[in-house]
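Take a look at the structure set out below.
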Amino acid sequence: MLLPHTRTPVPPGSDAEPAVTVGGRTLSRTDLIGASTAVAERLGGLGVRGPVAVWAEPTLATIVALVGALRAGVPAVPVPPDSGSAEIAHVLGDSGAQAWLGATPEDPHGLPSVPVREHARGWHALPEPPAAATALIMYTSGTTGAPKGVPIRREAIAACIDGLAAAWGWTGNDTLVHGLPLFHVHGLILGVLGPLRVGSPLVHTGKPTPEAYAQAGGTMYFGVPTVWSRVARDPESAAALSGARLLVSGSAPLPAPVFDRIRELTGHEIVERYGMTETLITVSARADGERRPGWVGLPITGVETRLVGEGGAPVPHDGESIGALQVRGPMVGREYLNRPDATAESWVGEGWFDTGDVAVVDPTGFHRIVGRASTDLIKTGGFRVGAGEIEAALLGHAEVREAAVVGLPDDDLGQRLVAFVVTDGARPTDSEAAAAALIAFVGETLSKHKRPREIRFVDDLPRNPMGKVQKKLLLG
Ligand code: MCA
Ligand code: AMP
């Protein structure tokens, strides 16, 4: 069964124990089973077979909605609560969402809403949906165009969580703490479905601040590198994590100085793991094994990886030779929703998925992610953002003639979104005000975290003789 089951080994009265705590409010396992069963019964009663959209604020109600949909076998589409209007319209239309389940945005875009009542209880035994059924549809950015939907199978989630539980020695004796968003693989699949499947209570801190992590008193902590670098700059909060069992980082490269500083402050070597929305988590350091700064570890149970060079030639696993990283395994997705073109580009045959990341593998099987093949996929604060989508949003502004978006190195965010903009007519005289207006303009259509941090007004963009913008020249 995917969700939720009792703790292993089963302690007496375990279902009365806390399952999830969000913002200081707790649901026991019994409460969560009852409330999510009520949601599933309601969906069944209304004949909603889905997909259903879930406005994924970090609340108990969101968790009840998502677990209810999973238990009903209705695909759920988590929608980022900072989404802009164009994004919401795209996600609802592309996924074919039939209704909102629980909270809605101010403009529900014409969809009805099925209420979620945290205090309602249902007690029917629900049949387990087929393992290959779609549990979630998650949206993720490509280099260009609108975000693509990734259907995520129940069996893929189970394989990912079980593989990580084995790698990390994760059991019902752990308490997991994090404050990550509930609309991505990291915060939702690892961070909510993980503890429910493993049987370890979850404490969600609302926001992933060092102070909140320090106060939560968990055994396992998840964070993106930005979270760990903020903890590294807060020695008092960091010291409070010394008693934990495992600190885990993922979603973007963890800088080696942050790894070193956290070790100094907490006595812990952070376990790093690597994954994607399309593949879930495929590679990780082990709790009982080596943790090497700058390296993301070994394939988890059931995963195969390979490095591919120019012309498809295999690249040796010698710790130095660089190749395109491809992965396959039971947690890897099978397609993008409604996008046979993009599916054919990334799924290259026999279940292999071309990650778009460039990596090296050493003779012991340890993986290091060297970078991305394209400068147009940017990771900022752990969020994946496509340059093309932001450029298209900027070009929607009447005064923007050309735009090029790049990720510049940033101590806090890893990469910071910077847009180079050519305006119609002369450069704006008050460039600060013009930049603020453009940043706000992007925030109206796209998610807040897709807003450029900085706008640089230029006369021309550097182009090659074919007219293509040479982004590498903007990075320097
Ligand atoms: C941000 N702000 C801005 C701009 N950008 N203001 C003006 N112009 C801008 N361009 C504002 C924000 O709204 C915020 O305001 C303030 O500046 C600080 O923002 P920020 O620096 O972004 O900090 P933050 O809001 O504290 O967020 C940092 C964060 C966040 C908590 C680390 O980036 C985050 O939650 N990242 C997690 C991403 C994640 O879960 N990725 C997983 C996907 P105010 O304070 O007023 O709000 S990857 C995945 O799932 C795979 C499978 C994997 O491997 O894990
Ligand atoms: P997303 O689909 O948002 O999860 O983004 C996936 C991308 O995040 C991957 O293709 C990598 O580029 C990056 N990523 C995830 N985890 C790591 C990591 N531990 N080290 C380096 N890059 C990572």
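Below is a table of values for the structure above.
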read-out	value
Computed lengthening from Asp260 to Ser374, 0.36 nm per intervening residue step minus Cα-Cα distance	38.1 nm
Peptides ranked, highest mean first, by Cβ atoms within 10 Å: ranges 399-409, 365-375	399-409, 365-375
Percent RCO, i.e. relative contact order, over the chain, from Cα pairs under 8 Å lying at least 6 residues apart	12
For Glu272, distant residues with modelled amide H under 5 Å away	Ser249, Ala285
Extension gain (nm, one decimal) between Thr30 and Thr301, 0.36 nm per residue minus Cα-Cα	94.5 nm
Interchain or long-range residues, amide H under 5 Å from Ser113's placed H	Trp100
Neighbour net charge for Lys448 - beta-carbon separation under 13 angstrom, K R +1, D E -1	0
Cross-link pairs beyond the 29 Å C-alpha cut-off, checked among Lys207/Lys472; Lys207/Lys468; Lys148/Lys468	Lys207/Lys472; Lys207/Lys468
Length added when fully stretched, Glu444-Ser85, from 0.36 nm per residue minus Cα-Cα	128.6 nm
Packing-based ranking, highest mean first, of 121-132, 291-302, 158-169 given that Cβ atoms within 10 Å are counted	158-169, 291-302, 121-132
Which of Leu247, Tyr274, Pro316, positive extreme of dipole for region 221-361 (C-beta unit charges)	Leu247
Modelled FRET efficiency - R0 41 Å, Ala16 with Arg49, Cβ distances, 0.05 increments	0.80
For the chain, radius of gyration divided by Kirkwood radius, i.e. Rg to Rh on alpha-carbons	0.96
Helix-only CD estimate at 222 nm, as mean residue ellipticity for the chain, using -39500 (n - 2.57) per DSSP H run (n ≥ 4)	-8000 deg cm²/dmol
FRET efficiency for His124 and Glu155, using Cβ-Cβ distance with R0 set to 30 Å, rounded to 0.05	0.80
Peptides ranked, highest mean first, by Cβ atoms within 10 Å: ranges 424-431, 56-63, 72-79	72-79, 56-63, 424-431
Cα-projected label distance for Val422 with Lys468, points at 7 Å along beta-carbon direction, nm	1.8
Virtual spin-label span in nm between Asp107 and Arg292, 7 Å along Cα→Cβ	5.1
Estimated dipole of the chain in Debye, rounded to 20 [Cβ of Lys and Arg +1, of Asp and Glu -1, Cα centre]	660
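Every number here is computed from the coordinates shown, using simple stated rules; none is lab data. What you see is a predicted model, and the numbers here were worked out from it, not measured in a lab. With ideal geometry, Cβ positions are generated from the backbone for all residues, glycine too; neighbour counts draw on all protein chains shown.
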